[in-house]
1. Points 7 angstrom from Cα along the Cβ direction at His181 and Glu42: gap in nanometres?
2. For region 26-129, what is the accessible area per residue in Å² when the probe is 1.4 Å?
3. Send over the Kirkwood Rh of region 86-169, from the inverse of the averaged 1/r over different Cα pairs, rounded to one decimal Å.
4. I'd like the accessible area for Asp158: 1.4 Å probe, protein heavy atoms, all chains in place, Å² to the nearest 10.
5. Obtain the radius of gyration and the Kirkwood radius of region 55-196 from its C-alpha atoms and give Rg over Rh.
Amino acid sequence: MSTTIERGVRFAAFCLFTSSCFAAGNNAAEVFGIGSLATADELKTFVSPLPDGRGLPPGSGSVLQGKAIYEAQCVVCHGDKLQGGIGDKLIGGRGSLVNSDAKKAPVKTIESYWPYATTLFDYVKRAMPLYTPGSLSNDEVYAISAYILSEAKIVGPDVTLDASTLPQVQMPNRNGFIADHRPERFVPASKAPHSK
């Protein structure tokens, strides 16, 4: 057996063992002697919003506030015009995902690709800024989201976003995805356990 196949078999066995341990109701601390369960205080900071806004935290932020925060926290990686640099380009590329010219690569940005504005909040809250992820307050994340969406001409320049207004933002690629045709494999979000 080749080394690659042996590694694959060992990894599959590990995955099977791990999943069976967790399926039995055990946690990593009990099974492997590492880690710990998250405390209620630790879970308070965890945010995972759904497209309809469920899970968004309280707070709000305006485009003007977002511009100042962007210039202080984001411009070094994403550029002064959101054109990218060390970090990804954030806006532009509308209509580039579907084209008949194989030489034109799609430009995947928040503006051209992402179907929901809540995804922007979620990503910025969890992963940005690069060197201090999770350090932005909810108000700051709403403000940065407002600024980026305003620069992409998705919302107006005087908008203030919060948990009720952010999910209402209609992203340009909202209908650019095809629903999964296997409903038995994926429970609709409205029927998911966390929807209650």
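1. 4.3
2. Accessible surface, normalised per residue, equals 61 Å².
3. In region 86-169 this quantity evaluates to 13.7 Å.
4. Roll a 1.4 Å probe over it and Asp158 shows about 130 Å².
5. 1.00
The values are calculated or read from the model by the stated rules, or taken from the named source; none is laboratory data. Here the structure is a predicted model, which means the values were calculated and not measured. We place every Cβ from the backbone using ideal geometry, glycine too, and count neighbours over all the protein chains shown. Protein only, heavy atoms only, side chains kept; ligands, DNA and RNA dropped before computing areas. Shrake-Rupley method; radii C 1.70, N 1.55, O 1.52, S 1.80 Å.
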